[in-house]
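Engineer: This structure is in structure tokens; I'll ask about it shortly.
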Amino acid sequence: MEPIQELIKLSVHKIIDFILRTGSIDSSFYDAAPMYMGAAIHRKIQKDMDDSYKKEISLKLETAIGNIPVEIRGRADGIITDPMSGAITIDEIKTTTLPLDYIYAQHAQHLGQGKCYAYMYMQTLENPPETIGVQLTYFQLETEEIRRHHWTFTNIEIEAFFTDLLRQYGVWLRLEQEWKITRNNSIASLTFPFPSYRKGQRELAVAAYRTISAGKKLYACAPTGIGKTLSSLFPAIKAMGEGKTAPLFYLTAKTVTRTVAEEALKLMAESGLRFKTIILRAKEKICINTECVCASNHCANAKGHYDRVNAAVLDVIENNDIITPAETTFYARKHQVCPHEMALDAALWCDLIVGDYNHVFHPDAYLHRFFNNEERDYIFLIDEAHNLTDRVRDMYSAEISKNALSQVRNALKDKDSVSKNLRKNLRLINTYLSDLRKEHGEQRNHVSPEPDMVFLAFIKMAAAAASEWLVLKKAHELHNKIVELYFEMSSFIMVAELYDAHYTSITEFYGHDVKITLFCLNPSKIIANGLARAKSAILFSATLTPLPYYRDILGGTDEDFMVSLPSPFDPGRLQLVSHCGISTKYRDRESSYAPIVQTIYQSIANQGNYLVFFPSYEYMHKVYEIFTAKYPEINTLLQTTDMSEDDRAGFLTRFDSSNLSTLVGFTVLGGIFSEGIDLKGDRLIGAIIVGVGIPKISLRHDLIRDYFNKQNRQGYDYAYVFPGMNKVLQAAGRVIRTETDAGIVVLIDSRYATAQYKGLFPEHWKCMQTVWS
Ligand code: SF4
């Protein structure tokens, strides 16, 4: 093999985290503060130091591992030079939610990080001292207590440590570099895996490539049939072959859509592409135990996991190009490690990570391994991006209810001091919320632009008490319940830290219960921050319309690109009818049932399978009763509120192209059958959509409306009309899935005749026929 000339950039974190881990997965709950909180706490600690403390010192070292030139970067939180003796100490600050008595100061990774910075700093000095100090500063998040641990090392000890660390990492680095040559050679000769592009596909691929090259974001409205996955993956892979990007992330809202990316990769692999890809699953879904309790006394795979995991990762990486969840499970069992953690480690050596929005945007579950350093060469390909706003809003809103706290308090009977302390703190919250209830009399809710700081202080104390309890009571029967409660409280604390003008605080009173919610009104800034973890992002969906709204709400700026592509399908294969003589507004519903039944009957004139979508279960049931009574000979299916995955699959199985009679499925708009289902050919020949999809008027939607109105944006449209119309477009999109499909889409609502709604129709809906009767 030729010597590798390219300078490889590495971070101290990346090397340390991978090489120095040992022992078991034993944090039954999360023990480190999220990164953005960590940064604020660092600043707080650093501010209190005197002039001998130099903060946030960037360090860089150029060296070689074997024949591979590397540049190692890191940033010491502080470097202290004693004004009297001149002694140097590297300070490494760690924030934790664990009580400080349970922190092991010798934590190998933290100390190793400090030692690396010590070595790197020594290299910058003309006359390095004989010895250097390393200090670990631990900050307890809830109590704000600080504890420091100090070591002194000789120059020789520090150098020996660093050299040995690089020797161990060299095995992995060589593997990675050899793989890059194989991969890039295969990319160079890769051609588009079809003889020709579909209509719109080439435009999307070109726009994606230009966006990646320019380091921007692209918001693409690309109708079904264009082949969005391939059109975004292919140029991104080509860009990687040209050295324009580090790993790619293909992010989806649902597990099922990840298989589309897997299929696209397999297709390109058949054309000779070598590309390490991993398909991630949520921890609970990939866990090999019936109960997902990540502690060494509950899970054999958790016990000693870190002692075995690197061998497992090497095995899975060396033997697979595409690592599906099945492969992950197989290798995890073979090496007796946790499949979830092993997959996340394996991802570090992959070219493409296929995962959930959570893996980039979630405040806790984002991939720390990738995004806790300064590398920004990633590309995000975000599928079905219209879902991202609500998902991120949920991730960054938090709520605590009095009843949930009381249940735990009442169940916890133990008399020891740690349990008593937790109970006492939960009681304080209970009393506070009961007083609040009395104070607000008959009021059903109270909205405030500011969070309740007294309540927050109580929650912080209770979270500290819960974390202490959890450390000591790992085998307690209430352990899982208190882990859950602890997560709720720490999520609340985390959101309170982020709370700004884009939030509002809601207190709701239901009988004896009181719920306090920190509600994210506008998640666009949070989305923008998440997208900033990458160099470039392509956000695409068949229903990203109106595009300027989506660019705004999905963290874009005027500098980012937008593209709207026409449908590749023959418009003549879709019959579009809007019945504008029927009002489905709440006040008119009673009188709409009979005409809707009649319209459904007229619309299903051709024998085949149809779906009817309603704005609510209640509305659906009313129409269903009348329809089935009037037309008992027609086969019908009804969506129910609590359908399991098996029920859902069973429902869809009934949509068979060989059905000899008509079948009508009654479903709810925005539910499990209106998005993400692919009933090709004659499995579905029609969709009838009742209403314009606007969400039910609610306090939260009204708050969103008011917030955007204050921002001089169209509040009602942002809160109600655009999200509603998106559901309509998604439901209508179930009918034509391939170029040979044909069918009918019927819209029922008088508002479809208005200029406002007509303006939201996609280009290929222009031939809509309007019926007034
Ligand atoms: S196998 Fe399951 S329970 Fe065990 S550590 Fe992994 S996710 Fe947790």
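Engineer: Name the residues in segment 66-96 that are open to solvent by 50 Å² or more (accessible area, probe 1.4 Å), in contact with a Leu (Cβ under 9 Å, 6 or more places away or on another chain) and assigned to a strand (DSSP E or B), would you?
Structural biologist: Correct list: Arg73, Arg75.
Engineer: Hey, another quick one. If His440 meets every condition in (1) farther than 25 Å from Cys294 by Cα; (2) surrounded by 15 or more Cβ atoms within 10 Å (Cβ to Cβ); (3) of a type outside the set (A, V, I, L, M) apart from one, which number is that one?
Structural biologist: (2)
Engineer: Within the bounds of segment 309-327, is there any residue that is open to solvent by 10 Å² or more (accessible area, probe 1.4 Å), touching a residue at least 40 places away in the same chain (Cβ under 8 Å) and either within 9 Å of the ligand (Cβ to nearest atom) or small (Gly, Ala, Ser) (or both)?
Structural biologist: Within segment 309-327, not a single residue is open to solvent by 10 Å² or more (accessible area, probe 1.4 Å), touching a residue at least 40 places away in the same chain (Cβ under 8 Å) and either within 9 Å of the ligand (Cβ to nearest atom) or small (Gly, Ala, Ser) (or both).
Engineer: With at pLDDT 95 or above, open to solvent by less than 30 Å² (accessible area, probe 1.4 Å), closer than 26 Å to Lys758 by Cβ and not assigned by TED's automatic domain parsing to the domain that holds Asn726 as the only criterion, which of Tyr610, Tyr550 stands out?
Structural biologist: Among Tyr610, Tyr550, only Tyr550 is at pLDDT 95 or above, open to solvent by less than 30 Å² (accessible area, probe 1.4 Å), closer than 26 Å to Lys758 by Cβ and not assigned by TED's automatic domain parsing to the domain that holds Asn726.
Engineer: Pull out all pairs, ordered by first then second residue, where Cβ-Cβ is under 7 Å, the residues are six or more apart or on different chains, the first lies in segment 244-264 and is in a helix (DSSP H, G or I), and the second is among the basic types (Lys, Arg).
Structural biologist: Thr255/Arg281
Engineer: Is there any pair with a first residue in segment 279-308 that is in contact (Cβ under 8 Å) with a residue 24 or more places away in the chain and more than 10 Å from the ligand (Cβ to nearest atom) and a second that is assigned to a loop (DSSP other than H, G, I, E, B) and open to solvent by less than 50 Å² (accessible area, probe 1.4 Å) whose Cβ atoms are under 6 Å apart and which are 6 or more apart or on different chains, and what are they?
Structural biologist: Ile279/Thr324; Gly304/Ser24; Tyr306/Arg21; Tyr306/Gly23; Arg308/Val337
Engineer: Which one of Gly724, Gly693 is at pLDDT 95 or above, in a loop (DSSP other than H, G, I, E, B) and under 26 Å from the mean Cα position of the chain (by Cα)?
Structural biologist: Gly693
Engineer: Moving to a separate point now. On the basis of being of a type in the set (Asp, Glu), open to solvent by 30 Å² or more (accessible area, probe 1.4 Å), out of contact with any strand residue (DSSP E or B) (no Cβ under 6 Å at 6 or more places or on another chain) and more than 30 Å from Glu625 (Cα to Cα), does Asp570 make the cut?
Structural biologist: Yes: the conditions hold for Asp570.
Engineer: Among all residue pairs at least 6 apart or on different chains, which show Cβ distances below 7 Å where the first residue, located in segment 718-742, is not assigned by TED's automatic domain parsing to the domain that holds Asp702 and the second is modelled with pLDDT of 95 or more and open to solvent by 10 Å² or more (accessible area, probe 1.4 Å)?
Structural biologist: none
Engineer: When you scan segment 596-607, how many residues do you find that are touching a residue at least 24 places away in the same chain (Cβ under 8 Å) and buried (at least 16 other Cβ atoms within 10 Å of the Cβ)?
Structural biologist: The number of residues fulfilling the criteria is 6.
Engineer: So Leu485 passes all but one of these: (1) open to solvent by less than 40 Å² (accessible area, probe 1.4 Å); (2) without any contact (Cβ under 8 Å) to a residue 60 or more places away in the chain; (3) part of a helix (DSSP H, G or I). Which condition number does it fail?
Structural biologist: Result: Leu485 passes all but (2).
Engineer: Take the residues in segment 265-278 that are assigned to a helix (DSSP H, G or I) and touching a Phe, Trp or Tyr at 6+ places or on another chain (Cβ under 8 Å); name whichever of them is farthest from the ligand (Cβ to nearest atom).
Structural biologist: Met268
Engineer: Against the condition crowded, with 16+ Cβ neighbours inside 10 Å and at positive phi, how does Gly511 come out, does it pass?
Structural biologist: No.
Engineer: Confirm whether Thr137 is assigned by TED's automatic domain parsing to the domain that holds Ser24 and open to solvent by less than 60 Å² (accessible area, probe 1.4 Å).
Structural biologist: Criteria met by Thr137.
Engineer: Failed condition for Glu450, given (1) in a loop (DSSP other than H, G, I, E, B); (2) closer than 28 Å to Cys292 by Cβ; (3) open to solvent by 40 Å² or more (accessible area, probe 1.4 Å), with all others met?
Structural biologist: (2)
Engineer: Would you check which residues across segment 180-209 are touching a Pro at 6+ places or on another chain (Cβ under 9 Å) and open to solvent by 90 Å² or more (accessible area, probe 1.4 Å) and list them?
Structural biologist: Result: Arg198, Lys199.
Engineer: Taking the condition of being part of a helix (DSSP H, G or I) and modelled with pLDDT of 95 or more, how many residues in segment 558-572 meet it?
Structural biologist: Summing the residues that are part of a helix (DSSP H, G or I) and modelled with pLDDT of 95 or more in segment 558-572 gives 0.
The values are calculated or read from the model by the stated rules, or taken from the named source; none is laboratory data. Please read all numbers here as calculations on a predicted model, not as lab measurements. We place every Cβ from the backbone using ideal geometry, glycine too, and count neighbours over all the protein chains shown. The protein model used for the area step is the full one, side chains on, heavy atoms only, and it has no ligands, DNA or RNA in it. Shrake-Rupley method; radii C 1.70, N 1.55, O 1.52, S 1.80 Å.
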